[in-house]
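Beneath this line is the structure, given in structure tokens, with notes to follow.
The values are calculated or read from the model by the stated rules, or taken from the named source; none is laboratory data. For clarity, every value in this text was computed on a predicted model and none was experimentally measured. All Cβ positions, glycine included, derive from the backbone under ideal geometry; neighbour counts span all protein chains shown. Ligands, DNA and RNA are stripped out before the accessible areas are found, and what is left, the full protein with its side chains, is counted by its heavy atoms. Shrake-Rupley method; radii C 1.70, N 1.55, O 1.52, S 1.80 Å.
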There are 2 protein chains.
Amino acid sequence: MKRLVLLLTLAMTGCAGTAKPAFPPDPPAADPKLAGMQYLYGSAEAAAISRQAWSALTFYVGEAMQGKDRRSVVLAEGATLDDPKFVPCAGKPAAAVFDVDETVLLNQGFEYDDLTGAPHRDFDDRWARWEKTGVHAVSPTPGAKEALDALRRMGVTVIFNTNRNAFNAGPTEQAIDDAGIGPAKHGTTLFLAGDDADGSGKDGRRATIAARYCVIAMGGDQLGDFSDLFAEASSVPARRAETALPAVAGLWGRGWFVMPNPVYGSALQGGAGDIFPADRQWHDPATPRKEVQ
Amino acid sequence: MKRLVLLLTLAMTGCAGTAKPAFPPDPPAADPKLAGMQYLYGSAEAAAISRQAWSALTFYVGEAMQGKDRRSVVLAEGATLDDPKFVPCAGKPAAAVFDVDETVLLNQGFEYDDLTGAPHRDFDDRWARWEKTGVHAVSPTPGAKEALDALRRMGVTVIFNTNRNAFNAGPTEQAIDDAGIGPAKHGTTLFLAGDDADGSGKDGRRATIAARYCVIAMGGDQLGDFSDLFAEASSVPARRAETALPAVAGLWGRGWFVMPNPVYGSALQGGAGDIFPADRQWHDPATPRKEVQ
């Protein structure tokens, strides 16, 4: 709001020297993505959360493979979030299904370029070039290699279901393999956007995988890595509330495993009124207010 | 960098109308904290990660109380991160120790004010007023109430160790109690900054607690909630690397439990060169570069 006032002032006076903002000038604007990148790619705290999630997954799958709590975690056709039903497991070998970007791989090179490269570039073209030429500018998320190695030792097939492009299947197989968390083979243990007619929706690919395997665990950084049903939420608070539904709440850390990502994706939406419930909107009694952004 | 060029251009010409930036203008600058707030307070993904962490904690403590893996997780005096030793447990009742802010409570009111209130205010004064008058503008982190209730049912004493101010002990007790996650009683189950001479360092308070209790689990959103030793790291990457030390890596999700917080704290530091390792700094081959910020 303040910047808009400043811009209007500039427009009316025609000259920067005459603008008199009501507050001292802001410090040089940080890239709005910087804090998220500091957290996800640079911090000890995010690395610890990643290890914590992979640890929880490894223990959960270990119990499941010992027969204690082995159940399918892929929602069946016709399921709802209020009344979930899962694809049956009978007779199928065990698998675990993971998203790739910011779930098993950190896209350090792409995000470095996003922070330091020229702005206002076409995302899709740049991302496609990244898939093709950035193969060695990634790292496993902290704890991923140890966990995926452990799963494979338990006899669990590790399958990747990602919205990377099918036309770049080769480089993505190589990125996963060379990061030490493969194998990933397109059509067998790697499923990509373009494999079916569902675009970025992953339910179709999940159904294909669950037809062959008993999927006992899934991991992702976006809700769409677990079910496309979440995309139907009517508002930001409604979407958040769905994670607490009785049939859903118990899955977090017990079948569905979430990796941190405050840098991009469907988590980053909403204004102050969406983020903060009306009955939690405190104001400092001692200072004046500015308008809601 | 681009903004600096624009400012220099303005300074040289003296008039906004004559500035000709090399790129189209940026969209209105978002508050640098907005994305983190969208994630932590508004998103389904962060709520799911919070539930996942509390679930892992509940299962871990359940096992410990059944005698399977009961061990102290408070570092003893003289311990190092390379050679950790823990305060002995013999004969003491079990406790779990938690930070408060963004660990068991979401400070929605304070952050709403931070996003929408007047800028450039003194943080410490404003925070002290928040502790005193914001008692009902908080919520438990998702899953916290269920987990703390479960711990108390298992016979584990829940203790809070926070850098909230000792001079506001009453309102903080009330905030925790009224959020449904108490009791919290200063000096018994609530420890605050000002309780000893260590300021915001928590090791002294942890030692006081561990002298009375066998602390089998700790939870926090900052590394300082687990040990002050992390504060001695020599750089951003060195700090992150410490979470992977052999003796430390296995504690995440197995004794030490981390809650997400990309909004504030020691996780948010470093420039592009600190966040991204030199051998992961990719650039899009098809677009020009700007200088590192």
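Things to note:
- Any hit, region A:144-152, residues being within 13 Å of chain B (Cβ to nearest Cβ), touching a residue at least 40 places away in the same chain (Cβ under 8 Å), under 18 Å from A:Ala217 (Cα atoms) and surrounded by 19 or more Cβ atoms within 10 Å (Cβ to Cβ): yes
- Yes/no for B:Phe160 being outside any helix (DSSP H, G or I), buried (at least 18 other Cβ atoms within 10 Å of the Cβ), at negative phi and aromatic (Phe, Trp, Tyr): yes
- Among the residues of region B:59-108, those that are within 14 Å of chain A (Cβ to nearest Cβ) and of a type in the set (Phe, Trp, Tyr) comprise B:Phe59, B:Tyr60.
Residue-wise test of (1) in contact (Cβ under 8 Å) with a residue 40 or more places away in the chain; (2) on the phi > 0 side of the Ramachandran plot; (3) not hydrophobic (A, V, I, L, M, F, W, C).
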| residue | (1), (2), (3) |
| --- | --- |
| B:Gln174 | no, no, yes |
| B:Gly187 | no, yes, yes |
| B:Leu190 | no, no, no |
| B:Ala207 | yes, no, no |
| B:Arg212 | yes, no, yes |
| B:Ala217 | yes, no, no |
| B:Ser234 | no, no, yes |
| B:Trp256 | yes, no, no |
| B:Trp282 | no, no, no |
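- Residues that are aliphatic (A, V, I, L, M), more than 7 Å from chain B (Cβ to nearest Cβ) and in a helix (DSSP H, G or I) within region A:115-139 comprise just one, A:Ala128.
- Whichever residue in region A:235-293 is more than 7 Å from chain B (Cβ to nearest Cβ) and of a type in the set (Phe, Trp, Tyr) and, among such residues, is nearest to A:Asp101 (Cα to Cα): A:Tyr264
- Enumeration of residues in region A:240-289 that are more than 23 Å from B:Ala147 (Cβ to Cβ) and β-branched (Val, Ile, Thr): A:Val263, A:Ile275, A:Thr287
- Number of residues in region B:206-251 that are aliphatic (A, V, I, L, M), open to solvent by less than 30 Å² (accessible area, probe 1.4 Å), closer than 26 Å to B:Ala90 by Cα and part of a helix (DSSP H, G or I) equals 4.
- Those residues of region A:164-194 which are acidic (Asp, Glu) and either open to solvent by less than 60 Å² (accessible area, probe 1.4 Å) or at pLDDT below 95 (or both), in sequence order: A:Glu173
- Of all residues in region B:110-121, none that is open to solvent by 30 Å² or more (accessible area, probe 1.4 Å) has its Cβ atom under 7 Å from the Cβ atom of a residue that is part of a strand (DSSP E or B) and not basic (Lys, Arg), 6 or more apart or on another chain.
- Answer from A:Ala217, A:Ala210 - the residue that is more than 9 Å from chain B (Cβ to nearest Cβ) and out of contact with any helix residue (DSSP H, G or I) (no Cβ under 8 Å at 6 or more places or on another chain): A:Ala210
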